[in-house]
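Read through the structure below, which is laid out as structure tokens, and then see the notes.
Values in this text are rule-based calculations from the coordinates and carry no lab data. The model shown is predicted, which means the values in this text are computed figures rather than measured ones. Every residue, glycine as well, gets a Cβ built from its backbone with ideal geometry; the counts of neighbours run over all protein chains shown.
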Amino acid sequence: MEHWERWVPTTGIPSRLYNDTFIDNKEGIVLEFSDEKDKKKMVVKFEKGVLSYRNTDEGSLLRKLNYLDQQYGTDFYSEWTLFKVINSEYINWFFDESSGIYEPSQLKHYVFLTPNDVIEILTTSDPSVVIK
């Protein structure tokens, strides 16, 4: 069963963030977020190790939101944006698809749950996080 944890990589992160930019290029993946009033910014960079990602409209993940409600309560995810998922279905899917070339313990599943998007990234490396 999946286990979701709030991810707090640094202090000063606003509880709700909006995705402003998603860049995937030869330098890695860069996500830029801002708070509701566009006063505080956060940049997350995955410079290496990204194996897969997906971006889904938040309103389309009704089963996932129902699961989070039942397991953790609405405030757990509605009042926070950054998560890590342990034993995730996404990791299990990727592990099967990659025919075991990775060990499950190598894979990390990050989720950015914004009011409009659910961005998920599978990686072997932790990202850097900068608050502006």
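The separation of the stretch 72-132 from the stretch 1-38, counted between C-alpha centres, amounts to 11 Å. Phi angles of the stretch 25-35 translate, via the Karplus equation with coefficients 6.51, -1.76, 1.60 and θ = phi - 60°, into HN-Hα couplings of 9, 5, 8, x, 10, 10, 10, 10, 10, 9, 7 Hz per residue; Gly and Pro are given as x.
Over all directions, the projected convex hull of the C-alpha atoms in the stretch 54-127 averages 5.1 nm² in area. Each other residue within a Cβ distance under 11 Å of E27 adds +1 if Lys or Arg and -1 if Asp or Glu, for a net charge of +1.
Let me know the volume per residue of the alpha-carbon convex hull for the chain, in Å³.
Numbers: hull volume 14.4 nm³, N = 132.
Roughly 109 Å³ of hull volume per residue.
When the GluC sites (Glu not before Pro) in the stretch 70-132 are filtered for DSSP coil states and for at most 11 other beta-carbon atoms within 10 Å of their beta-carbon, the remaining sites are E79. The residue list S78, V50, I23 was ranked by how far each Cα lies along the charge dipole of the stretch 1-87 toward its positive end, using unit charges on Cβ atoms, and V50 comes out on top. A straight Cα-to-Cα reach below 25 Å connects K41 with the lysines K26, K84, K108, K132, residues fewer than 8 places away in its own chain not being considered.
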